[in-house]
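The values are calculated or read from the model by the stated rules, or taken from the named source; none is laboratory data. These numbers were taken from a predicted model, which means no experiment stands behind them. Here the Cβ positions follow ideal geometry from the backbone for every residue, glycine too, while neighbour counts run over all protein chains shown. The protein model used for the area step is the full one, side chains on, heavy atoms only, and it has no ligands, DNA or RNA in it. Shrake-Rupley method; radii C 1.70, N 1.55, O 1.52, S 1.80 Å.
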Amino acid sequence: MKALSVSGLHKTYTGGVQALNGIDLSVDEGDFFALLGPNGAGKSTAIGIITSLVNKSAGSIRVFDHDLDTDPTAVKACIGLVPQEFNFNTFEPTREIVLNQAGYYGIPRREASVRAELLLRELDLWDKRREVARNLSGGMKRRLMIARALVHRPRLLILDEPTAGVDIEIRRSMWRFLREINREGTTIILTTHYLEEAESLCRNIAIIDHGQIIEDTSMKSLLAKLQVEHFILDLHQPIDVLPDLPGYRAHWVDELSMEVEVDKAQGINELFAMLTSRGIEVTSLRNKSNRLEELFMHLVEQGATRSTESAA
Amino acid sequence: MSPREILTAFQTIVVKEVLRFLRIWMQTILPPAITTCLYFIIFGNLIGPRIGDMDGFDYMDFIVPGLIMMAVITNAYSNVVSSFFGSKFQRHIEEMIISPVPNSVIILGFVAGGVVRGLLVGLVVTLVAMLFSDLSLYNAWVTVSVVFLTSVLFSLGGLINGVYARSFDDISIVPTFILTPLTYLGGVFYSINLLSDFWQGLSKLNPILYMVNTFRYGFLGVSDISLGTAYTIIVIFIAILFLVALRLLRRGVGVRT
Ligand SMILES: Nc1ncnc2c1ncn2[C@@H]1O[C@H](COP(=O)(O)OP(=O)(O)OP(=O)(O)O)[C@@H](O)[C@H]1O
Ligand SMILES: [Mg+2]
C-alpha cells in the first residue's frame, strides 16, 4: 500500500507566490523517504498541505488510501508531524504538551501518561518533564516535538528539518531512534539540508526545486549517478599558482591546499605522477565533503537552467 | 472519532484552558476582584446613599447584580479572545488543527474555558459583594441559568474576535469600543425607567440590557424587561455566534494559509 500519494499538487499563496507547480509524489508503506531541496523550494508548503495546515490550490492527497478531501479525519489520524518551526505553547510543561497532543487524538489520559513517559525517556527528556518548554534548549525542543508527534502512534511520520541546530551526538541518537521506529513499521518522510543525513537514513529520495520535483528515485541509483569525485590535497610547500594538470580540473583553495576533480573512470595515479614531476609534494589526500552535496548542487543548477530556458 | 475519544479531546482542551488562566491568576482573577471592590466602595458606599432608591432598592443592592454580570461578560470574552489569539500567535493552535478533533469540539473547548473563567470571576466578585451588602437570591434558577448562558455567549464572541485578530491591538478593539459601552449602557448602574421613551427604546436594542436585567431579577425579583424575551434573545445570539465560529474554523480563517 502507498503511505502517501500526491498528485498534481499546486499551491499559490495569497500574494501570488507560486510555491508548488504540480507535484506528484508517492511513498510506499514502510519507506524512509527524503524530500530535499534548497530554501524556498516548497518542501514545507507540501508538508503543510498534507497535514491540513495549508489549503491547497489544486491536486489531490491520499494517505493510506484515505482521501484528504473526503475523509480528513482518517488522514489526520494516520499522520504525526514534526514541524520546521517550534509551535508549542512555551508556557506549558514538557510532559503536558505531549499529554495534550494525545488528548486531541482521543487517547485517554492514563494511556497517554504511559506513552508519554516511554517517549520522553527514550528521547532523553524525562528529567525535563516538569520544565516549561520555554526553558528547554533548542535541541531539546526538537526532541520534544518528536515525542509529541509520536504519542498517537502515527503510521506516517513527517519530519521537517528535525535536526536543524542539533549537536552531532544528539543528531546521531535521533538517527538511531528514527531508524528504530522505521524498522518497527512507521513510514517516515524527512526533509533536511544535511545531505549525509539523507544518505545515511533514507532509501528513497525526491528533490524539489521551484515547486517542482526535479528528481525522484532511490538513494542507490542517485548515488550511482555520481561521476566525479572531489579531492582536497594538502601540500608540503606553499604554492602561488596552480600547477598545470592536463586532464584534471584543479581549484586553488589556499597556498597549502588545492582541490582536484577526478572522473570515476580516470583514477588518480596519473595525477600523482604529474604532481611529482612538477615537484609538488602532497602530504595528505581527503575526499571533499559530501558526494551527495555535489550531486545535489548539480541537479539544482540543471533545474535552474531548464526553468530559465523554458521561461525564455 | 468515537464519542468517547471526542469526550477525551474536549476534556483535554478544557483542562488546558483552565490551567492557562489559573497559571496567570494575577492577571485573570485578581484584577476584576479589585476593580469591583472599588466600584462597591465608590458607588455603593460613598455615592450610593445620596442617590437613594433605584426601582425600590438600595442603590448598592441594585448595582451588585450588574457589576457581577459585567465582570462575567468581560472575563469570559477576554479569556477566549486572548487564549485563541495567543495560540495562533505562538502557533500551537496547529497542534489541534493537525489532529482529528472536530472543529465544533475545538469551539466548545475554548468556550468552556471562557465559561469557567467567567463564572469563577463572577463568584469571586459575588463574595466581595457580600462584604458590602446583604445578598439574597430571589430565584436561583434564573440567576444561574442566565449567568451561564451569558458567559457562553461572550465566550463565543471572544472566539470569533480571536479568529479574526491579527495583532494584539485587534483583541482589545471590540472590548474597548463595543463591549464596555454596551455594558455601561446596559442598565448596570441605573434602571432604564429613568430614561425618556426614546432612550428606553434605544436601550432595548442592547442585548446586554436583557442579561443584566434577568440576572438582577434572579437576585431582586425586579426587571425592566420580560424574562421570556431575554432568554429568547440570548439563545438566538448563541446559536448564531456558534454557527459563525464553526464556519470560520471550517474555512480555516486566520489559522490556515
Ligand atoms: N505563508 C506564506 N505566505 C506567502 N508565501 C509563503 C508562505 N509560506 C511560504 N511561502 C513561500 O512559498 C515558497 C516555498 O516556501 P517553503 O516554506 O515551502 O519552502 P521550503 O522548501 O520549506 O524552504 P526551507 O528549506 O527554507 O524551509 C517560498 O517562496 C516562500 O516565500
Ligand atoms: Mg521549510
Compare the peptides B:3-10, B:185-192, B:145-152 by average per-residue count of other Cβ atoms within 10 angstrom and give them in order, highest first. B:145-152, B:185-192, B:3-10
Expected integer from the mean partner chain Cβ neighbour count at 10 Å over B:97-107 is 5
Which of rounded, prolate or oblate describes chain B when judged by the alpha-carbon gyration tensor and an a/c cut-off of 1.5? prolate
Cβ charges +1 (Lys, Arg) and -1 (Asp, Glu), total dipole of chain B, debye: 1000
Efficiency of FRET from Cβ geometry, B:LEU227 and A:ASP71, R₀ 56 Å, rounded to 0.05: 0.75
Could you compute how much accessible surface B:ILE34 exposes when probed at 1.4 Å, giving the result in Å² to the nearest 10? 100
Hz values of 3J(HN,Hα) by residue in the stretch B:198-215 - Karplus curve (6.51, -1.76, 1.60), Gly and Pro given as x: 4, 5, 4, x, 5, 4, 6, 7, 8, x, 5, 4, 5, 5, 4, 5, 5, 4
Return the average number of partner chain Cβ atoms within 10 angstrom of each residue Cβ along peptide B:7-15. 5
Measuring from a point 7 Å past the Cα of B:CYS37 along Cα-to-C-beta, which residues in the stretch B:130-164 have an amide N at less than 14 Å? B:130-132
Considering every residue in A:52-64, what mean count of other chain Cβ atoms within 10 Å of its Cβ is obtained? 2
Rounded to the nearest 10 degrees, the helix B:227-251 long axis (Cα) sits at an angle to the longest Cα principal axis of chain B of 20
Scan around A:ASP28 for amide H atoms under 5 Å from its own, H built in the peptide plane at 1.01 Å from N, and keep only partners 5 or more places away or cross-chain. A:ALA3
Whole-Hz couplings from phi, Karplus 6.51/-1.76/1.60, listed for the stretch B:63-75; x for Gly and Pro: 7, 3, x, x, 5, 4, 4, 4, 5, 4, 4, 4, 6
Relative contact order %, the stretch A:1-52, counting alpha carbon pairs below 8 Å whose residues are six or more apart: 33
Structure-based [θ]222 nm, chain B - -39500 (n - 2.57) summed over DSSP H runs of at least 4, per residue, nearest 500: -23500 deg cm²/dmol
Sorted by chain and then number, the residues having a modelled amide H within less than 5 Å of the amide H of A:ASP209, at least 5 places away or on another chain, are A:ILE214
Charges on Cβ only, +1 for Lys and Arg, -1 for Asp and Glu, centred on the Cα centroid of the protein assembly as shown; of B:ALA129, A:LEU295, B:LEU156, which one is farthest towards the dipole's positive end? B:ALA129
Using only Cα atoms, find the angle between the long axis of helix A:109-122 and the longest principal axis of chain A, and express it within 0 to 90 degrees, rounded to the nearest 10. 20
On the formula 1/(1 + (r/R0)^6), with r taken between the Cβ atoms of A:VAL241 and A:ASN287 and R0 of 22 Å, the FRET efficiency rounded to 0.05 is 0.35
Ordering of B:91-99, B:247-255, A:167-175 by burial proxy (mean other Cβ atoms within 10 Å per residue, highest first): B:91-99, B:247-255, A:167-175
Would any residue of the stretch B:73-117 have its amide N under 18 Å from a label point 7 Å out along Cα→Cβ of B:SER2? List them or say none. B:100-102
By accessible area of protein heavy atoms, probe 1.4 Å, what ranking do A:ARG286, B:ARG117 get, highest first? A:ARG286, B:ARG117
Could you run the Karplus curve 6.51 cos²θ - 1.76 cosθ + 1.60 with θ = phi - 60° over the stretch B:7-23 and give me ³J(HN,Hα) per residue in whole Hz, x for Gly and Pro? 4, 4, 4, 4, 4, 4, 5, 4, 4, 4, 5, 5, 4, 4, 7, 6, 4
Okay, which of the stretch A:9-52 sit inside 20 Å, backbone N to the point 7 Å along the Cα-Cβ direction of A:SER221? A:23-37
I'd like the accessible area for B:ASP134: 1.4 Å probe, protein heavy atoms, all chains in place, Å² to the nearest 10. 140
I'd like the orientation of helix A:291-311 relative to chain A: the angle between its Cα long axis and the longest Cα principal axis, in ° from 0 to 90, rounded to 10. 80
Given a 1.4 Å probe, how much area per residue of the protein assembly as shown is accessible, in Å²? 46
